Structure formats: structure tokens, C-alpha cells
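Step one of this worksheet: look at the structure below.
Every number in this text was worked out from the coordinates using simple rules, so none of it is lab data. In this text the structure is predicted, and so the values were computed from the model without any measurement. Backbone-built Cβ (ideal geometry, glycine too); neighbour counts: all protein chains shown.
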Amino acid sequence: MSAYQMNTLEWLESQAMYVMREVAAQFERPVMLFSGGKDSIVMSQLARKAFYPGPIPFPLMHIDTGHNFQETLDYRDWWMNELGATLIVRTVQDSIDQGRVQEEEGPSPSRNALQTVTLLDAIKEFQFDAAMGGARRDEEKARAKERFFSVRDRFGQWDPKNQRPELWHVFNGLKRPGEHFRVFPISNWTELDVWQYIAREEIPMPSLYFSHRREIVRREGVILARSPHVSLLDGERWEPARVRFRTIGDATCTGATESEAASVEDIIDEVAATRVTERGSRADDRRSEAAMEERKKQGYF
Amino acid sequence: MTQLVDTERDLLRFTTAGSVDDGKSTLIGRMLYDSKQIFQDQMDSLERASKLRGEETVDLALLTDGLRAEREQRITIDVAYRYFSTPKRKFIIADTPGHEQYTRNMVTGASTADLAVILLDARKGLLPQSRRHAIIASLLAIPHVIVAVNKMDLVDYAEARYHELVREFNDFAEKLNIHDLHFIPISALCGDNVVESGDRMPWYEGRPLLRVLEEITVTRARNLVDFRFPVQYVIRPHQDFRGFAGRVASGTIRVGEEVTILPSHYHSKVRSIHVGDKSVPEAAAQQSAVLTLENEIDISRGDMLVRSHNLPVIDQEFDAYVCWMDESSALHVGGDYLLQHTTRISKVHINDILYRMDVNTLHREGTDRLALNEIGRVRCTAAQPLYFDPYDRNRETGGFILIDPATYRTVGAGMIRYTTKETLRELRRERGEGQLQTVVSTNISWDQSLITPEEREAQNRHKALCLWLTGLSGSGKSTIARCVERALFQEGIQAFRLDGDNVRHGLCSDLGFSREDRMTNIRRIGHAAKLLYDAGHLVICSFIAPYEEDRTFVRELFPASAFLEVYVKCDIDVCKQRDPKGLYAKAERGEIKGFTGVDDPYEAPAEPELLIDTSSLSEEETVERVLQFVRQQL
């Protein structure tokens with residue numbers, strides 16, 4: 001009987017592959033979002049396995065804020081080639097140039113909120129009816145109630161009261177004109193699961209995740225890396241530190257942590273022993289207690 | 001690598017339900033806190049929130065409620081999923097509110113759970129809410145239930161109170177379908193028996209809650225017997241590869257095994273099985289796999305691969321428990337919906353609502369509609385046949401959702417009970433005066449043999465059958481049965497006869513001739529015959545069995561083609577004249593009461609497979625006719 005036992009990773013992998021196949025089967029024009037972070041890397045690896053030996057039957061799309069670390073972009077192009085996947089890139093800069101959005105002002109203008117508009121424009125441009133994202137329910141309180149298949153109205157908005165109940169493994173992807181879906185195949189994964197899976201699958205990861213020396217500035221408990229997009233405030237100075245990133249996003253708000261973890265195994269040990277959630281180092285969530293819920297209602301991932 | 005990164009941990013999904021003040025959120029907070037799953041920044045934000053509300057100590061309950069509306073009203077209104085792990089296991093909690101208006105959330109949370117934790121307040125005992133949660137756990141077929149008797153600190157950790165509540169719950173649970181039930185006295189607030197035992201309840205010898213959650217065996221949540229593979233997606237990268245992607249809903253499959261494809265009923269063999277980029281020899285329930293077959297057969301999404309000797313029910317009509325989940329409409333008789341079941345979507349029509357069930361008391365009441373949060377027993381007809389199993393046996397192929405065809409919202413969840421034919425039988429039985437009570441112990445499940453009926457038939461070189469002779473006393477049943485048994489035996493057939501007088505010496509020696517006892521008599525004989533039939537025999541039964549209802553009960557124990565009813569017809573006066581045992585004479589003198597044909601009716605079979613009139617035929621002729629008939633069926 002024990003041969004039929006599944007461990008946690010096998011079970012999570014099986015569920016994620018099932019969800020992706022449901023998306024491929026139920027929707028006409030699905031897309032998978034790719035940010036360059038560990039969650040979307042794992043998700044794209046799962047997509048490769050779900051349809052093997054066939055190709056991934058949908059494109060991947062990167063919404064580039066223009067504030068990405070160069071390492072992220074290099075990795076992205078290399079990994080797409082490895083996967084044999086089709087990549088679409090849409091940039092926040094284009095949305096700014098077209099006057100669709102306005103850049104934030106201040107010392108570290110974040111484009112995190114702006115990318116929502118770029119994303120919705122791209123969904124409209126390609127008429128995507130389902131966009132898969134790597135969000136996990138354990139990340140943040142507002143995500144604990146997110147569905148696998150999350151229906152959005154024609155403005156991309158999420159109405160927590162109008163979400164469909166999800167029972168067993170039956171996912172209702174029927175949509176009316178104008179509606180589209182966000183789908184989260186790795187909803188049930190935790191940060192530790194993600195890293196254990198990376199170790200199991202031996203997925204090469206971007207260098208930003210591993211401990212390295214870099215110039216940083218400490219601001220309100222968040223460690224920001226030196227980049228052209230972050231300017232110093234009065235009394236601040238750049239200082240060297242050994243850091244790594246637990247999440248990879250916009251350079252203006254993705255905080256680093258001081259760490260000596262130089263391998264995936266080190267990271268797993270660190271994550272397993274850590275006392276701060278990964279979003280704890282993100283400046284965008286700290287703005288208010290219900291910050292994530294507000295942004296989700298606007299159409300953020 | 002450290003112990004913390006052990007990847008061989010398995011997963012347990014459990015559900016909790018509770019209202020504002022029964023301590024559920026505190027319990028979850030306590031498990032997260034004591035198993036060191038709360039992170040520093042979560043703790044900080046918790047302290048900020050508690051302080052804002054003017055509370056002195058950190059409120060663990062705040063950890064588990066998410067959305068702003070909920071925080072403001074201090075209630076949880078949806079299903080929230082929580083994650084934590086210990087060195088032994090990873091846990092996913094489906095945390096749901098417990099109020100009646102959130103029945104749909106409880107049903108949703110329960111649909112994927114292997115285990116339910118039901119909270120009782122030690123002071124208040126069994127409230128409607130605890131009953132409701134237990135009823136839903138039973139309806140949704142959650143295999144394991146733990147009853148946590150909480151707030152033991154408020155009853156001075158009294159052992160007597162705990163046992164009183166255990167008894168009360170056990171009495172109530174007898175009416176439910178719960179396979180595995182545990183009780184634990186706890187105090188979520190003080191931490192007794194949550195993660196550690198503590199020393200305040202030395203009289204409790206069991207394990208603390210978290211230990212039970214870590215150690216309980218969860219394989220029985222999966223059906224590993226009935227192979228069902230709903231095809232999700234066809235992978236065809238080139239001419240030489242045609243793979244059928246899906247998640248094994250239940251059972252197991254190995255390379256080389258024969259499968260039947262539904263709905264075409266074509267047969268093929270499994271050529272290869274792939275999980276991701278690896279070829280594997282077999283796949284089991286819950287695994288996402290890709291199967292290739294030996295033959296080129298046209299298969300698409302919505303088809304199902306099954307084992308040729310273990311088919312699901314294939315039917316358009318069925319009856320199900322439905323929980324209605326929509327605020328703005330009600331399920332009504334005559335309504336049309338979309339039904340999503342495994343990987344298929346079909347139109348479905350609501351024929352009838354048999355009753356609405358009160359989720360606090362199990363009480364049934366008639367209705368023609370089901371509103372939000374109501375659960376009822378519903379008869380439906382789908383536009384195409386579905387391939388299903390009863391939900392009790394297989395949650396994956398027995399559960400479905402209902403979708404509003406206009407809004408596409410998910411409006412209902414259904415759990416299939418029976419095909420319509422079986423339902424009608426059940427209702428007929430319930431309407432009958434003396435019910436055929438079948439008390440099935442909750443600790444018994446059907447044990448599957450390693451030998452298939454087909455293998456037995458092959459070895460015996462004949463089919464198994466049940467030949468049921470019914471007729472008045474003195475009509476000649478026993479004589480025919482004895483002769484037929486002898487003749488068939490000489491032809492090498494495993495024939496065995498069950499006789500009315502014989503069973504009343506042992507198996508049924510405790511029974512008299514009241515309506516109720518006669519029913520029980522026939523039920524026992526029916527099951528005995530079924531066991532012999534399962535053993536591969538040709539069973540010959542000769543019983544008066546005067547009531548149609550009882551004979552129908554027996555008939556439906558068997559597959560349709562394996563039960564042959566022979567009506568041994570004989571004029572009552574001829575029977576009285578023969579009166580081989582002198583019984584008619586006794587009955588007419590009033591020495592026996594309720595004798596069939598004298599002062600109790602005989603309901604003649606309306607459609608027997610064979611009718612023989614012994615008043616006009618000789619013994620040899622009747623035996624020969626029966627033999628001819630049986631040989632045709634073998």
C-alpha cells in the first residue's frame with residue numbers, strides 16, 4: 001500500500017498540473033504570467049511537465065516594470081529558451097509613454113501599482129481569457145481565501161463576495177463576455193514547498209536568490225539594493241552588505257535580507273528556521289494593514 | 001540537510017468549523033503558535049491590531065481572519081486556507097465559519113478534507129452548530145472526525161463532564177455515517193492537549209490533538225479499488241504519440257492492464273504511463289498522469305478510462321443530496337441547470353425534490369425548492385449519461401456542481417446517492433409498514449476480493465445464478481427444487497438449494513410468522529443466497545415469499561441477469577388437497593394464524609421470468625421445463 005502514498009511535493013505537483021490542464025482545456029486563450037521570481041519559475045517548470053512530451057500550449061507573459069534587476073531579465077530569456085516557451089513582454093514604460101498611467105513621484109517611485117494597467121491592457125490586446133499567476137495562499141491574509149479559478153469583471157476587478165465556491169476538483173471556468181479569469185495553480189504551496197521543489201527538480205535559479213555582496217540602503221526596516229531607480233533620502237548612505245532576495249520584483253520595493261545562504265539547500269534551511277514571512281520584507285505591503293486586499297480589488301495579481 | 005527539510009512528509013487536509021465564541025480561531029492560532037508557525041512580523045501586526053482594539057493580551061484568533069469586512073464585524077465569512085507543518089506532516093486547514101447561514105462554506109471546506117475537527121464547548125455541550133458540522137462531515141463523507149471538547153478550563157477539567165459529552169455525541173452520531181471518530185478534551189486558550197498534553201487532565205490517557213493529526217493514517221480517504229480516469233486533455237505532439245492526460249480519480253492502473261473506454265465501450269491495453277517527463281509502471285489515485293494505449297481509439301475530454309470488470313454506474317437519472325449555494329435564486333422542481341462532473345459538463349433537469357433536510361436535526365420535510373444553505377434530496381435527469389459511483393464510495397466520481405446557465409455562477413453542490421431505480425426501492429421500503437431495517441455498523445466497509453466473479457465463472461465453467469421459486473405451500477416448490485438441484489449437480493454444476501424449513505431451523509430460528517419476522521426471514525435468506533451466488537454457485541431457493549415487496553428486495557440484491565424468478569402456480573384447492581404437511585388443515589382449524597392462502601394473502605408475481613402451473617402438469621414435466629429454462633441461462 002505504501003507504494004501508493006504520495007508525499008507533499010508529489011501531491012502539490014499533481015494538483016498544479018491538473019489545474020493547468022483544466023485551464024488549457026476550458027479556455028480558448030490562456031496565458032501564464034512570468035515575473036522572473038521563484039514562484040513563476042516553479043510554475044513554468046510545472047507547465048512543462050504537465051504537457052510533456054508536448055509543448056506548453058500557451059504563451060508566457062512578462063509585465064516588465066522597467067525597474068527590474070538585469071539578472072532577472074537575463075535569466076528570463078535564458079529560461080524561456082530552456083523551456084522552449086513563447087514569451088510576450090509588455091512594459092510599464094510603454095503605458096507611461098502612451099499616457100495610460102502616471103509615474104509616482106518621490107525618492108523611490110514604485111511601478112508596482114502601475115503594472116496592473118499594463119497587465120489589463122495586455123489581456124485586452126491579446127484577448128486572453130485566463131491568466132495564470134504564481135500567487136500562493138500562504139503569502140498574505142487576503143490571499144488565504146483566493147480561489148484557484150478567480151473570476152474578474154470587465155474591469156479586471158476582484159469582488160471577494162462574488163467568487164465561485166470550489167468543491168472537490170471541479171473548477172468552473174465558464175465565463176460571460178468581458179469576464180476573464182485569474183488562475184493560481186500553486187495556491188496550496190508554501191515558500192518552503194517551493195524551495196524544496198526547486199531542490200528536487202534541480203532547477204537553476206537566478207543569482208539574486210543567493211547570498212552576494214551588494215550596496216544597499218536601509219529604509220524603515222527594509223533593505224533596498226542600489227539601483228538607478230532608488231535615490232537616497234537625507235541622512236541615508238549606500239553601504240555594502242551580504243544579502244539575498246527572498247522575492248524578486250520591482251527594484252524599488254523588493255527588500256533584500258542579510259543572509260549567508262549560498263545554495264538551494266542553505267535557503268531551505270534558512271526558510272525553515274526563519275521567523276519573518278517573505279512579504280515582511282516588501283515595502284508595498286506595509287503601507288496599510290489591508291494593502292493587499294485593496295490592490296487585489298483593483299486587479300493586481 | 002536538516003530534519004526540517006524532509007521531503008517525505010505527507011499531507012493531511014482537515015476542516016474546522018465554528019462560530020464566534022466557541023474558540024475555533026483560538027484553537028488554530030494555538031496550533032500555529034505552539035508549533036512555531038507564527039512569524040515575527042505576523043506577531044507584530046497582531047499586537048498592533050490587538051492594541052488598537054484596546055485588548056491587553058494578544059488575541060490569537062486575529063491570526064486567522066483575513067478580509068477587512070470580517071475583521072470589522074469580527075466574523076469569518078468564507079473559507080480560508082491555512083498552512084502549517086511539523087517535522088512529521090504538512091497540514092492544510094480549510095477554516096470555515098459555523099453559522100447556519102454559512103452551510104455552503106462548510107460544505108465547500110469539507111469537500112476536500114480528509115478529516116474534520118468538530119469543537120464542543122464543554123459548558124454548553126452539543127449545540128445545533130456542532131450537530132450541523134457533524135451532519136455535514138457525514139454527508140460529505142469525511143473519513144475521520146475528531147471531536148475536541150474545548151474550554152475544559154472552564155469546567156475545572158472535570159472528567160465526568162467530558163464523558164457525559166462523549167456519550168451525548170456518540171448517541172447522536174449513531175444516526176450518521178462517520179467511519180472513524182475520536183474525542184479529545186482540550187483547552188485552546190490554555191493549551192491543554194493541543195500540542196502538549198499538559199498536567200491538568202491526568203485522567204485523559206490519549207494523545208493531544210496535534211499528535212493525533214500527525215499520526216492518523218489517511219490512506220482511507222482515497223479509494224484505491226475502483227480505477228476511474230476522467231480524460232482531461234489530449235496531448236498529441238506528433239503522429240507517434242497520443243497521450244491522455246488526467247488525474248487518476250480513484251484506483252490504480254499498471255502498464256499492460258486492460259481498460260474500457262466510456263462512452264464507446266471499446267477495449268484497449270495501457271501501453272505506457274507518464275508522470276511529467278518520467279515513464280512509470282503504475283499510477284494511483286490523485287496522481288496526474290498521461291496514459292497511452294495500444295490501439296488507436298478516438299478519445300477526447302470528458303471520456304473516462306475504467307477497468308473492464310469494474311465499471312462505474314452509467315446512467316442519466318440519479319438522485320443526490322444537493323446543497324444550494326446561491327443567494328439570488330433557489331433550486332426548484334422543473335429547473336434546468338448545467339452540471340459539471342469530473343471533466344464533463346451536461347445539461348440537467350430537476351425532476352423532483354424528495355425532501356429538504358434540516359441540517360441541525362436531520363428532520364425531513366417536503367418542499368419544491370431549496371434556498372441558500374439548504375440541503376435536500378433531489379432527483380435529476382442529465383442530458384447525457386454520467387459515469388459515476390455513489391458518493392459514499394467515491395467522492396471524486398460521486399460529487400458534482402450545478403451551474404446557473406445564465407450567470408455561470410456555481411449555485412449548488414451535489415453528492416450522488418443512487419440511481420433512480422434504487423431510490424424508488426428505498427422509498428418503497430420506507431413507506432412500508434414494518435420497515436426492512438438494515439443497521440449497518442459504521443465500522444464496516446465492503447472488503448474487495450482478489451478473485452473476480454468472471455474468474456470464478458471461468459473456473460466453474462458456468463455462470464452463477466439465483467433461481468427463486470415462489471408459490472403457495474403445497475404448490476410443489478420444494479419437490480421441483482430438489483429434483484432440479486440433483487439434475488444440475490450431475491451435469492457438473494455447482495448447484496445448492498436453500499429451503500424454507502431448513503433455514504428456520506438455524507439461520508432464522510428466532511423468527512416467527514408476523515409480517516415483520518417474515519420480512520426479516522426473507523432478507524436473511526436473500527443475503528445468504530447472495531453470498532452463495534458470490535461464491536459462484538447456482539442457488540435454488542424455494543420459499544413461499546408471499547409479498548411482492550420482499551421479493552423485490554431480494555431481486556435487487558442481484559444483477560438483473562442473475563436473478564430468475566419462477567412462479568410455481570397452483571390452484572389453492574389443489575394445494576389444500578395435497579397438503580403434504582397437514583398445515584392447511586391446521587390453519588383451517590385455527591391452530592395456525594396468518595397462514596398464506598387461508599388468512600393471509602399471497603401476492604402473485606406480476607412478471608416472473610418463468611411461470612409453471614403445477615395443477616395441470618406432471619412432476620417430471622415441471623422439472624424438465626425448469627431445467628430447460630435454467631440451461632438456457634447458463
Point to revise | Approximate spin-label separation B:Val225-B:Cys190, in nm, with each point projected 7 Å along Cα-to-Cβ | key: 4.6 nm
Practice item. Mind scanning A:Lys38/B:Lys90; A:Lys145/A:Lys175; B:Lys269/B:Lys347; B:Lys90/B:Lys124 and naming the pairs with a C-alpha gap bigger than 25 Å? Key: B:Lys269/B:Lys347; B:Lys90/B:Lys124
**Study point:** Helix-derived mean residue ellipticity, 222 nm - over chain B, DSSP H n ≥ 4, -39500 (n - 2.57), to 500
**Key:** -8000 deg cm²/dmol
Check your understanding: For chain B, rounded, prolate or oblate, judged on the Cα gyration tensor with a ≥ b ≥ c (square roots of eigenvalues), a/c < 1.5 rounded, else prolate if a/b > b/c?
Key -> prolate
**Study point:** C-alpha long axis of helix B:128-139 to longest principal axis of chain B, angle in °
**Key:** 50 degrees
Check your understanding: DSSP loop GluC sites (Glu not before Pro) in the stretch A:171-209 with at most 12 other Cβ atoms within 10 Å of their Cβ, which ones?
Key -> A:Glu202
**Study point:** Built amide H within the under 5 Å cut-off of B:Thr15, gap 5+
**Key:** B:Ala94, B:Leu115, B:Ala116, B:Val117
**Study point:** Spin-label pair B:Ser618/A:Arg237, simplified geometry with 7 Å Cα→Cβ offset, distance in nm
**Key:** 12.6 nm
Point to revise | Karplus-derived HN-Hα couplings along the stretch A:212-228 (A = 6.51, B = -1.76, C = 1.60, θ = phi - 60°), whole Hz, x at Gly and Pro | key: 7, 8, 6, 7, 9, 10, 9, 9, 6, x, 10, 9, 9, 7, 5, 7, x
Review point. What net charge is computed for the residues neighbouring B:Met201, neighbours being all others with C-beta under 14 Å from the C-beta of B:Met201, Lys and Arg scored +1, Asp and Glu -1?
Key: -3
Practice item. Evaluate peptide B:281-290: per residue, the Cβ atoms of other protein chains within 10 Å of its Cβ; return the mean as an integer. Key: 5
Check your understanding: What is the mean number of Cβ atoms from other protein chains located within 10 Å of the Cβ atom of each residue in peptide B:90-98, rounded to a whole number?
Key -> 2
**Study point:** Total lysine pairs whose alpha carbons fall under 26 Å of each other in the stretch B:504-634 (8 or more apart, or interchain)
**Key:** 7
Study note, to complete from the structure: Length gained, B:Ala160-B:Arg207, 0.36 nm per residue minus C-alpha separation, equals 15.0 nm
Study note, to complete from the structure: Per residue of A:20-29, other chain Cβ atoms within 10 Å number on average 4
Point to revise | Per-residue ³J(HN,Hα) for the stretch B:495-508, Karplus 6.51 cos²θ - 1.76 cosθ + 1.60, θ = phi - 60°, Hz, x for Gly and Pro | key: 9, 9, 10, 9, 10, x, 5, 5, 5, 6, 7, x, 3, 10
Point to revise | Bridge type composition, the protein assembly as shown - antiparallel percent by DSSP, nearest 5 | key: 60 percent
**Study point:** Estimated distance in nm for a label pair at B:Gln628 and B:Glu257, the labels positioned 7 Å out from Cα along Cα-to-Cβ
**Key:** 4.6 nm
**Study point:** Debye intensity ratio in log₁₀ form over the Cα atoms of the protein assembly as shown, taken at each q of 0.07, 0.09, 0.10 Å⁻¹
**Key:** -0.67, -1.02, -1.20
Revision key, fill the gap. Once phi for every residue in the stretch A:255-272 is put through the Karplus expression 6.51 cos²θ - 1.76 cosθ + 1.60 (θ = phi - 60°), the whole-Hz ³J(HN,Hα) values, with Gly and Pro written as x, are x, 9, 10, 6, 7, 9, 5, 10, 9, 4, 4, 4, 5, 4, 4, 5, 4, 5
Study note, to complete from the structure: With Cα coordinates, the longest principal axis of chain B makes an angle with the long axis of helix B:619-633, in degrees rounded to 10, of 40 degrees
**Study point:** the stretch A:121-201: chymotrypsin sites (Phe, Trp or Tyr not before Pro) falling in loop per DSSP and having at most 15 other Cβ within 10 Å
**Key:** A:Phe155
Revision key, fill the gap. Honestly the stretch B:228-307 on the Cα gyration tensor test (a ≥ b ≥ c root eigenvalues; a/c under 1.5 rounded, otherwise a/b vs b/c for prolate or oblate) is just rounded
Review point. Which far-off residues, 5 or more places away or on another chain, put their amide H under 5 Å from the one on B:Gly412, with H placed in the peptide plane?
Key: B:Met325, B:Leu402
**Study point:** Qualifying GluC sites (Glu not before Pro) in the stretch B:146-254, DSSP loop, other Cβ atoms within 10 Å at most 15
**Key:** B:Glu174, B:Glu205
Exercise for review: Please work out the FRET efficiency for the pair B:Ala585 and B:Asp517, using the Cβ-Cβ distance as r and a Förster radius of 25 Å; give the result to the nearest 0.05.
Suggested key: 0.60
Practice item. Excluding residues fewer than 8 places away in the same chain, name every one of the aspartates and glutamates whose C-alpha is closer than 18 Å to that of A:Lys49. Key: A:Glu10, A:Glu13, A:Glu22, A:Asp39, A:Glu82, A:Asp193, A:Glu201, A:Glu202, B:Asp277, B:Glu282
**Study point:** Size of the stretch A:164-266 as Cα extents on the principal axes (Å, biggest first)
**Key:** 54, 36, 20
Revision key, fill the gap. So for chain A, using the alpha carbon gyration tensor with a ≥ b ≥ c as root eigenvalues (a/c under 1.5 gives rounded; past that, a/b versus b/c decides prolate or oblate), I'd call it oblate
Exercise for review: Once you have the Cα-Cα distance between B:Asp358 and B:Leu557, take 0.36 nm times their residue separation minus that, and quote the gain in nm to one decimal.
Suggested key: 68.6 nm
Review point. Quick one: which of B:551-560, B:141-150 comes out on top by average Cβ neighbours within 10 Å, and what's the full order, highest first?
Key: B:141-150, B:551-560
Study note, to complete from the structure: Taking placed amide H atoms and a strict 5 Å upper bound, the residues 5 or more places from B:Thr252 or on another chain that come that close are B:Phe227
Check your understanding: Once the stretch B:184-257 is represented by equal point scatterers at the alpha-carbon sites, with solvent omitted, what log10 I(q)/I(0) does the Debye formula produce at q = 0.27 Å⁻¹?
Key -> -1.17
